[in-house]
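Have a look at the structure below, then the notes.
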C-alpha cells in the first residue's frame, strides 16, 4: 500500500470533523421508505429508521452509526442501496441528538450501540424486519467508525465490523489536552453547534471535552486490538482525507491488529476526502462485495 505524502494537519478541519460528523452527507432518499423506529436506552427513547431488505428473509442486519452529531436519517444513501441488495439497515441518533432523548456524551453514545443491538434482537424486530440475529454487523462512519470498533468488543455476538474513515477519540483527547488554545476553540465550537436545541441537548463544550479527557483511555481503539483481531474487519478510507488520516488513524491500528494475529482485515482506499462525496457508489459496492464474499 502506498501512502500519500504527509500533509500539513489543519486544526480547523480536525475540529469540524468531530463536531459536524455527517453534515456534508446527502440526506434521506425517498426511493425506499424506511420504517420510523424508537427503542429504549437507559430510560430514554432513541429515534431512528429501519430500511428493510428487499427479498425473502431472514436478513443480515447492519447497524449504521453516524458521525458525532450526524443527521436524522440515512448517510451515503447506504440504507437505500444496501436494502435493495438484500441487507437490512438500521440507523439512529445518539442520545440527546435530533429526536433522541437524553444528553449527549461520548459515554452515552458508546453505550447506545448495545441498546441498538438489543433492539435488532428484540421480539419486535425479528418478525417485523426478518432479522437474522446471528449476523448483526456494525457499520460506522468517522466518530461512528470508532464507536463501532470499540462497541463490537463488548458483545461477542458481533463478529464483523465495517468502518469508514474511523476516528480515534483518544487522539482527539491527546491533542486537546496538549493544546489549550485548541481546546478553548473546540469547546466554543461545540457550544455554537449545539445552541440549536433541535439538534443537540444536555451539555456544554466544557463538559463535553472534560468527559472526553476523563475517559480517554476507554476510547483508545488500539487498546481493544486483541479482541478486534478475532473479528472480520473492513476499513474504507480516503487517500485525500486530512481529517482521519490513513497514516495516523488507520495504519497504527492495522499494525496492532497484525501483531495480535488478525487474519480477516481488509483495507479499501478511495481517491476522496473525508466526505466521500465523489465515491458514494463505489463505497456501497465495496461494502456489498465484502458482505457477499463472506
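Read-outs throughout are calculated quantities, based only on the coordinates presented, and are distinct from any laboratory measurement. In this text, all values refer to a predicted model and were calculated from it rather than measured experimentally. Please note: Cβ atoms are built from the backbone with ideal geometry, for glycine as well, and neighbour counts cover all protein chains shown.
When the alpha-carbon atoms of segment 103-158 are used, the pair Rg, Dmax equals 11.8, 33 angstrom.
The slack in the chain from residue 114 to residue 255, taken as 0.36 nm per residue of separation less the alpha-carbon distance, amounts to 48.0 nm. For segment 49-150, the fraction of C-alpha pairs farther apart than 16 angstrom is 53 percent. Computed over segment 108-255, relative contact order equals 24 percent, with contacts defined as Cα pairs under 8 Å that lie 6+ residues apart.
Using the Cβ-Cβ distance between residue 42 and residue 278 with R0 = 45 Å, the FRET efficiency computed as 1/(1 + (r/R0)^6) comes to roughly 0.70. What's the whole-number percent of alpha carbon pairs in the chain lying beyond 29 angstrom? Of the Cα pairs, 28 percent sit more than 29 Å apart.
Please state the shape class of segment 189-238: rounded when a/c is under 1.5, otherwise prolate if a/b exceeds b/c and oblate if not, all from the C-alpha gyration tensor.
prolate
Apply the a/c threshold of 1.5 to the C-alpha gyration tensor of segment 196-281 and tell me whether it is rounded, prolate or oblate. Oblate.
In terms of Cα atoms, the Rg and Dmax of segment 115-244 work out to 17.1, 52 Å.
Using R0 = 30 Å, the C-beta based FRET efficiency linking residue 31 and residue 107 works out to 0.25. Remark: relative contact order (the chain) = 18 percent; criterion is Cα-Cα distance under 8 angstrom and separation of 6 or more residues.
Taking the alpha carbon gyration tensor of segment 158-225, multiplying each eigenvalue by 5 and rooting it gives semi-axes of 24, 17, 10 Å, largest first.
Considering only alpha-carbon pairs that sit under 8 angstrom and 6 or more positions apart, the relative contact order computed for segment 125-212 is 21 percent. A helix-only calculation puts the chain at -10500 deg cm²/dmol for mean residue ellipticity at 222 nm, using -39500 (n - 2.57) for each DSSP H run of at least four residues, averaged over all residues. At an R0 of 22 angstrom, the distance between the Cβ atoms of residue 214 and residue 154 translates into a FRET efficiency of 0.70.
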